[in-house]
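Structure record follows, encoded as structure tokens.
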Amino acid sequence: MIAIIDYDAGNIKSVEKALQALGEEAVTTRDKDTILHADKVILPGVGAFGDAMEKIHKYGLYEVIHQVVEQKTPFLGICLGLQLLFERSEESKGVEGLSILKGEILRIPEKQDLKIPHIGWNSLKFPNVGRLFRGISEESYVYFVHSYYLKAKEEEIVTATTEYGTLIHASVEKDNVFACQFHPEKSSAVGLHILKNFIETGRGE
């Protein structure tokens, strides 16, 4: 069973529907025991960094997420879920993220003819081998919706990048923790393949 963490963020139902399309049992929940006993856990969402961290603390999910990671359950952050895994964001100065991974979230720089938020399809490059991208060709297109982007401190964990006014760390993997800035659940066949690759990862892999 896959647990989708519910912290009142947007876009959670579309992740559940994508998993069901792959024939997976998925439950959207904030129940601690359900999350801790799940085979896989996903932290999706769109919204503001500070508001999301406030809700995560309010629902007692901060400790639960850290426990999931520590017990080596495969964990996937999507969009805002990726950003929350890191230490801080320019969007909400003074707010500490989950700090599971090292790095910061920066605002996409203002440039002429560059629309922010970044909404649309961009191709990926693979600087390091990523388990999420098994069987997926470099330059495949995925769907983004964001105004802020990841700059990871450990470049060796970056498994996909894209360009949008700057170099964006679009996906990371470290041990049992995976994350995508883009939305695999909205990225057609490529996105479903990415989700399937995540589903197939084993505990402690």
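The values are calculated or read from the model by the stated rules, or taken from the named source; none is laboratory data. As the structure is a computational prediction, the values presented were derived from the model and not from experiment. Remember, those area values only see protein heavy atoms, side chains included, never the ligands or the DNA or RNA. Shrake-Rupley method; radii C 1.70, N 1.55, O 1.52, S 1.80 Å.
Helix screen, the chain: DSSP H segments with Cα axial length of 15 Å or more and mean Kyte-Doolittle hydropathy at least 0.0 are 188-199. In a GNM of the chain with a 10 Å cut-off on Cα contacts, which of 44, 184, 117 has the highest mean-square fluctuation? Ranking 44, 184, 117 by mean-square fluctuation puts 117 first. Length, then width, then depth: along the principal axes, the Cα atoms of the chain run 49, 40, 29 Å. Contact order for the chain, expressed relative to its length and based on alpha carbon pairs under 8 Å spaced 6+ residues apart, stands at 19 percent.
These residues, 91, 16, go from largest to smallest accessible area, 1.4 Å probe, as 91, 16. Note on segment 45-157: semi-axes of the ellipsoid equivalent to its C-alpha gyration tensor, largest first and rounded to whole Å, are 24, 20, 12. Here segment 27-100 and segment 122-149 have alpha carbon centers that stand 22 Å from each other. Taking all protein chains as shown and a probe of 1.4 angstrom, residue 34 keeps an accessible surface of around 40 Å².
Rounded to whole Å, the principal axis extents of the Cα atoms in segment 106-149 read 35, 18, 15, largest first.
Using a Gaussian network model of the chain in which every pair of alpha carbons under 10 angstrom is joined by a spring, one finds that among 86, 126, 49 the greatest mean-square fluctuation is at 126. Sorted largest first, the spans of the alpha carbon positions of segment 87-205 along the three principal axes are 39, 31, 22 Å.
Accessible surface calculations at 1.4 Å, restricted to protein heavy atoms, place the chain at 44 Å² per residue.
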